[in-house]
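Reading through the structure tokens given below for one structure.
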């Protein structure tokens with residue numbers, strides 16, 4: 001019976017991985033469409049955004065991805081405490097990123113007159129950052145669930161699909177921002 005259960009887990013794991021990657025590929029098309037819309041509609045111009053804040057939140061997200069990777073590696077080696085510590089750091093950093101982009105940057109952009117209804121630049125900025133922020137929020141919820149499951153001891157070095165899935169999703173969100181950040185903050189001249 002043990003061999004049968006192991007085969008069932010491997011089959012489920014393969015199917016889960018395939019399903020996750022198909023979802024991420026389809027989601028990547030939406031991110032790519034938003035990126036293409038930014039360049040088509042704004043061309044060589046960009047919204048007036050806070051460069052320091054943009055760099056700061058990007059750094060925070062990149063560091064959070066490092067800790068997510070550490071978390072997954074710790075679980076692969078059966079280190080429950082290391083897994084929980086690293087995923088908790090990821091949760092905190094992801095929250096800081098979300099507050100920085102949605103709370104601070106949104107407020108600062110609004111003070112500069114960049115609003116969702118202020119024109120194409122506002123619409124593109126809020127659509128791109130909002131779509132990404134939704135994914136970060138979803139990732140944070142997933143990470144919290146994985147953290148709680150980890151506290152309950154539901155993962156082992158051999159069986160930790162939830163941790164793997166959360167890590168892959170978190171890295172996907174990170175990679176999407178790596179494309180969005182320069183497109184919004186660095187490329188083109190500032191729209192006045």
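Please treat every number below as a calculation from the coordinates, not as lab data. In this text, all values refer to a predicted model and were calculated from it rather than measured experimentally.
Okay, here's what the table says:
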| read-out | value |
| --- | --- |
| Stretchable slack from residue 137 to residue 12, in nm (0.36 nm times residue separation minus alpha-carbon distance) | 42.3 nm |
| Normalised contact order of the stretch 82-192, rounded percent, pairs of Cα under 8 Å and 6 or more residues apart | 29 |
| Evaluated at q = 0.13, 0.14, 0.16, 0.17 Å⁻¹: base-10 log I(q)/I(0), Debye formula over Cα of the stretch 2-187 | -0.71, -0.79, -0.96, -1.05 |
| Rounded Å value of the spacing that divides the Cα centres of the stretch 1-66 and the stretch 103-159 | 12 |
| Three principal axis lengths of the stretch 31-140 [C-alpha, angstrom, descending] | 52, 27, 21 |
| Contact order normalised by residue count of the chain, Cα under 8 Å, 6+ apart, percent | 36 |
| The stretch 1-90 - percent relative contact order, Cα under 8 Å, separation 6 or more | 17 |
